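Reviewing the structure listed below.
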Amino acid sequence: MQEIYPEILSADMVAFASPIYYFTLSAQLQAVIHRTYAIDIPKNVKKVALIMSSGSKFVYGAAITEYFQSIVEYWGVENAGIFTANGRQNKSKKKRLELYRFGKSL
Ligand SMILES: Cc1cc2nc3c(=O)[nH]c(=O)nc-3n(C[C@H](O)[C@H](O)[C@H](O)COP(=O)(O)O)c2cc1C
């Protein structure tokens with residue numbers, strides 16, 4: 001976190017990225033999100049995106065989108081969008097190109 005705090009504090013945009021583990025974000029990403037509480041709301045961040053991968057396509061319901069939206073609203077930032085890939089898409093060139101375009105659009 002000592003390396004991540006200065007990055008988040010100076011960033012104007014944050015992209016969270018995580019595989020889905022047991023129907024939610026990985027414990028590693030959640031630990032980072034939780035520990036940003038120690039630096040309060042990052043003042044320079046204007047927008048936040050979320051990138052996820054999973055085995056199943058049925059894991060991107062309200063539990064994930066509402067959790068992400070809650071962080072967006074708590075931070076008072078723009079929701080820059082959610083990008084997901086599942087199953088075979090995880091290694092497909094087409095999906096990788098979509099992710100590249102998503103990243104460029106942010
Ligand atoms: C501990 C663990 C839990 C997982 N839980 C889920 C899950 O609940 N739902 C799901 O769709 N995929 C789950 N996965 C699959 C990962 O999301 C997937 O492996 C990851 O997105 C990378 O994709 P790949 O295996 O195609 O490279 C889990 C994987 C692991 C290792």
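Rounded to the nearest 0.05, the FRET efficiency derived from the C-beta distance between residue 3 and residue 88 at R0 = 30 Å is 0.30. The sum of -39500 (n - 2.57) across all DSSP H runs of n ≥ 4, divided by the residue count of the chain, sets its helix-only mean residue ellipticity at 222 nm to -12000 deg cm²/dmol. Rolling a 1.4 Å probe over the heavy atoms of the protein chains gives region 4-105 an accessible area of 65 Å² per residue. Residues within the reach of a label modelled at residue 26 (point 7 angstrom out along Cα to beta-carbon, backbone nitrogen below 19 Å), restricted to region 44-69, are 49-57, 59-60, 64-65, 68. How about residue 47: which aspartates and glutamates have a C-alpha closer than 17 Å to its C-alpha, ignoring those fewer than 8 places off in the same chain? Counting by Cα, and skipping residues close in sequence, residue 47 has these aspartates and glutamates nearby: 7, 12, 66, 73, 78. Among residues other than residue 101 with Cβ under 12 Å from its Cβ, the summed charge is +3 (Lys and Arg +1, Asp and Glu -1).
Based on C-alpha pairs under 8 angstrom that are at least 6 apart in sequence, the chain has a relative contact order of 28 percent. For the chain, DSSP calls about 10 percent of its internal beta bridges antiparallel.
Overall size of the chain from C-alpha positions, given as principal axis extents largest first: 38, 29, 24 Å.
Once the Cα atoms are used to define both axes, helix 62-75 deviates from the longest principal axis of the chain by about 30 degrees. Computed from Cα positions, the angle between helix 93-105 and the longest principal axis of the chain comes to roughly 30 degrees.
Averaging the Cα positions of each part gives two centres, and for region 1-39 and region 43-81 these lie 12 Å apart.
Report in % the part of the accessible area of region 30-106 that belongs to carbon and sulfur, leaving out ligands and nucleic acids; probe 1.4 Å.
55
Amide H contacts of residue 54: 20, 85, 86, 87, each under 5 Å away and 5 or more positions distant or on a separate chain (H built 1.01 Å from N in the peptide plane; Pro and chain starts excluded).
What's the magnitude of the charge dipole for the chain around its Cα centre, counting Lys and Arg as +1 and Asp and Glu as -1 at the beta-carbon? Answer in Debye, nearest 20.
That gives a dipole near 760 debye.
The values are calculated or read from the model by the stated rules, or taken from the named source; none is laboratory data. It should be emphasised that the depicted structure is a prediction, and the values quoted were computed from it without experimental measurement. Because the Cβ atoms are built from the backbone with ideal geometry, glycine has one as well, and the counts that use them run over all protein chains shown. Side chains are part of the model used for accessible areas, which takes the heavy atoms of the whole protein and leaves out ligands, DNA and RNA. Shrake-Rupley method; radii C 1.70, N 1.55, O 1.52, S 1.80 Å.
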